[in-house]
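The values are calculated or read from the model by the stated rules, or taken from the named source; none is laboratory data. Quick caveat, the model's predicted, so the values are computed rather than measured. Note that we place each Cβ from the backbone using ideal geometry, even for glycine, and neighbour counts take in every protein chain shown. The accessibility values were calculated without ligands, DNA or RNA, using every heavy atom of the protein model including side chains. Shrake-Rupley method; radii C 1.70, N 1.55, O 1.52, S 1.80 Å.
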Amino acid sequence: MVRKKIGLIGGGNIGATLAHLILQRDLGDVVLVDIAEGVTQGKALDLCQASAIDDRAGSIIGTQDYGALKGADAVVVTAGVPRKPGMSRDDLLQINSDIIRTIGQQIKQHCPGAFVVVVTNPLDVMVWLMQQSSGLPTHRVLGMAGILDSGRFRYFLATALGVAVQDVKTFVLGGHGDTMVALPRYTTVAGIPLQEWIDQGKLSSEQLNDIIKRTQNGGAEIVNLMKTGSAYYAPASAALQMVESYLFDQKRILPCAAWLSGEYSINNMYAGVPVMIGAGGAEKVIELDLNADEKQQFTSSVQTVQKLIDDLKTLGF
Ligand code: APR
């Protein structure tokens, strides 16, 4: 089998963590592209030496040259500026838009056949801009958000219930921001609906509300603790789950920012929904039957994203 080639644009915290995960799991060869001279080459060399110690076969190069992405099967984009304390994801809009537009054009030129996962914030707008500027088909350009938000929700629920996190399944939909929509009605613990755990007094409604708020604020909580950067281990794991599902045609159903054309009554826009990822990219959007309250939350979350896209268009994008 031909080895897979995985491009990582942005060799900062998330990019380098992804590179390490990919090499450790022997998923393919890595090209790490960053504008920062030297750092990327240094990280690549360090990772090559880690692979030698771990007896792994994959190779990695660090470069400033986008041409090295030629023929990449998948690309994860983390290039940009992360949040500092007090900044919202939306504060990054102008700075990161310039970066994403340039990168979209480079992807179009060097690896138009790739499956592209955008991680850069503000996520839902950046994935839209990536698709516009690269011109790649919408089913091959997705945004990483829902897996991360759902992972946070799962972790907090598992801790509160005192159960294994593997047994908690859930979906967090909508935009990757304070308006994200956690769905207790679509949450199960060992296959048992969360409501039954609440009915049995294992979790109070108040605790659940606090967990939902903490999930919505999950990124900022980490930014405030770290002071000089934002979360990167969990974002890297989440992006890799999407890439693996594509490269190995796993057909996993994962909450991601996906292009909607009529699903959830939304047209021509990205939003966080469950989507099946396989060799065809985003193969199918799964439509959940939302109740009136969930629908209202989802619509208002999507409207927040639409407003940012409108702002971006005003800025000439
Ligand atoms: N091309 C390539 N790399 C770039 C470019 C560019 N045009 N502009 C910036 N970069 C690189 C920076 O040099 C840096 O190495 O992007 C990298 C970003 O890394 P970090 O600052 O460590 O940020 P990280 O924590 O990895 O987060 C990246 O993901 O979750 C989001 O909000 C987060 O938008 C941020 C992104």
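Tabulated results
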quantity	calculated
Gyration tensor over alpha-carbon atoms, the stretch 131-228, equivalent ellipsoid semi-axes in Å	28, 17, 11
Compactness of the stretch 72-193, expressed as Rg and Dmax over alpha-carbon positions, Å	16.7, 50
Backbone HN-Hα couplings from phi across the stretch 232-248 [Karplus 6.51/-1.76/1.60, Hz, Gly and Pro as x]	9, 5, 5, x, 5, 4, 5, 5, 5, 4, 5, 5, 5, 5, 6, 5, 10
Sum of side-chain charges, residue 12 neighbourhood, beta-carbon under 11 Å (Lys, Arg +1; Asp, Glu -1)	0
Prolate/oblate/rounded call for the stretch 171-280, Cα gyration tensor, a/c under 1.5 rounded	oblate
For the stretch 285-294, 3J(HN,Hα) per residue [Karplus equation, 6.51 cos²θ - 1.76 cosθ + 1.60, θ = phi - 60°, Hz, x = Gly/Pro]	8, 8, 8, 8, 8, 7, 7, 4, 5, 4
Helix-only mean residue ellipticity at 222 nm for the chain, each DSSP H run of n ≥ 4 adding -39500 (n - 2.57), per residue, nearest 500	-14000 deg cm²/dmol
Lys, Arg +1 and Asp, Glu -1 on Cβ, resulting dipole of the chain about Cα centre, debye, nearest 20	340
Residues with amide H under 5 Å from that of residue 115, placed H, sequence gap 5 or more	74, 75
Carbon and sulfur %, accessible surface of the stretch 177-280 computed with the full protein complex present, 1.4 Å	50
Accessible surface, the chain, averaged per residue in Å² (probe 1.4 Å)	44
Relative counts (whole %) of C-alpha pair distances in the chain, using bins that are 20 Å wide	34, 58, 8
For the stretch 64-124: span of alpha carbons on each principal axis (Å, largest first)	40, 17, 16
Of all accessible heavy-atom area on the stretch 1-139, the percent that carbon and sulfur account for (1.4 Å)	53
The stretch 233-317: GluC sites (Glu not before Pro) in DSSP loop, at most 16 other beta carbons within 10 Å	287
For the chain, with +1 on Lys and Arg beta carbons and -1 on Asp and Glu, the positive-most of 139, 305, 204 along the dipole	139
Rg and Dmax [Cα atoms of the stretch 101-141; Å; Rg one decimal, Dmax integer]	9.0, 25
Longest to shortest principal axis, alpha-carbon extents of the stretch 229-317, angstrom	38, 37, 23
Sequence-distant residues sharing a close amide H with residue 168 (under 5 Å, placed H)	190
Nearest 10 degrees, 0 to 90: helix 146-161 Cα axis against the chain principal axis	50
Kirkwood Rh in Å, taken over the stretch 174-222 so that all alpha-carbon pairs contribute	11.7
Estimated vicinal HN-Hα couplings, Hz - the stretch 260-268 in sequence order (Karplus 6.51, -1.76, 1.60; Gly, Pro = x)	10, 10, x, 5, 6, 6, 10, 10, 6
Solution diffusion estimate, µm²/s, Stokes-Einstein, the stretch 15-146, Kirkwood Rh from C-alpha pairs, 10 °C, viscosity 1.306 mPa s	104
Geometric extent, Cα atoms of the stretch 1-68 - Rg, Dmax (angstrom)	10.9, 34
Rounded tilt (10° steps) of 123-134 against the dominant C-alpha axis of the chain	40
